[in-house]
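Contents: one structure, followed by commentary.
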Amino acid sequence: MQAEPSTLAPVLPQGCTNFKLRQLMRRVANHYDAEMAKCGLKTTQYSLLSHVLKLGPIRPGDLATEMKMDASTLTRNLRPLVDAGWVTLKAGTDARSRLVHITDAGRDKRAEAQRHWKAAQLALNEALGVERVMALHALVDDSLDLLAALPAQEAGHDE
């Protein structure tokens, strides 16, 4: 006896993908923020310090592009780091350009913050399981690649 081919409609996702992603992001962000607060940084500030350390000295526009954020968001996020003395904006190769540099104090703050980031990452790995975290990273990377074709105003450029 042969089974009849299924005539069932394909199962579609239930609920709003945007809402579900925002729920997950809030939980993950709160987890990291709580750990990073122990060293006096926000996660966005840690990320910015890490990028400047890795890429700097770098022009603000290039840094914004690398971090996939718009220039005004970068300027707003740089201000507290400049005020704290962790990064500086210095003249670039010509009179109109500027370069973002990390200071020695910024290197020290980033090293301190890295220990807290690692604690948050290890705790998340423990809570979710390393395999699930790796699968989540792969799914996010694949999704970002697929969504890259959307116009910037649809895909979102501001983080």
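The values are calculated or read from the model by the stated rules, or taken from the named source; none is laboratory data. These numbers come from a predicted model, not from an experiment. Cβ sites come from the backbone with ideal geometry, for glycine too, and all protein chains shown count toward neighbours. Side chains are part of the model used for accessible areas, which takes the heavy atoms of the whole protein and leaves out ligands, DNA and RNA. Shrake-Rupley method; radii C 1.70, N 1.55, O 1.52, S 1.80 Å.
Before moving on, here are some points about what is shown:
- Computed in the context of the full set of protein chains, the accessible area of region 4-60 at 1.4 Å probe radius has 60% of its extent on carbon or sulfur.
- Calculated P(r) of region 44-110 - Cα pairs past 17 Å, %: 30
- Alpha-carbon Rg/Rh ratio, for the chain, with Rh computed the Kirkwood way: 1.11
- Helical content of the chain, expressed as a calculated mean residue ellipticity at 222 nm, amounts to -20500 deg cm²/dmol (DSSP H runs of 4 or more residues, -39,500 (n - 2.57) each, divided by residue number, nearest 500).
- For region 66-104, the set of trypsin sites (Lys or Arg not before Pro) satisfying both a DSSP loop assignment and a count of at most 11 other C-beta atoms within 10 Å is given as 96.
- 3J(HN,Hα) along region 110-116: 5, 5, 4, 5, 4, 5, 6 Hz, from the Karplus curve 6.51 cos²θ - 1.76 cosθ + 1.60 with θ = phi - 60°, whole Hz, x for Gly and Pro.
- Accessible area per residue, Å², region 1-157 with all protein chains present, probe 1.4 Å: 74
- Taking the inverse of the mean 1/r over every pair of distinct Cα atoms in region 1-95 gives a Kirkwood hydrodynamic radius of 17.0 Å.
- Placed amide H near residue 87: partners under 5 Å, 5+ positions off or other chain: 82, 103
- Each Lys and Arg Cβ is given +1 and each Asp and Glu Cβ -1; about its Cα centre, the chain then shows a dipole of about 680 debye.
- Cβ-derived FRET efficiency at R0 41 Å, residue 76 paired with residue 121, nearest 0.05: 0.95
- Length available on full extension from residue 28 to residue 138: 0.36 nm per residue minus the Cα-Cα distance, which gives 37.9 nm.
- The apolar share of the surface of region 81-154, taken as the fraction of accessible area on carbon and sulfur atoms (1.4 Å probe, ligands and nucleic acids excluded), comes to 56 percent.
- Pairs from 90/118; 68/90; 20/109; 20/54 whose Cα-Cα separation, in the structure shown, is over 26 Å: 90/118; 20/109; 20/54
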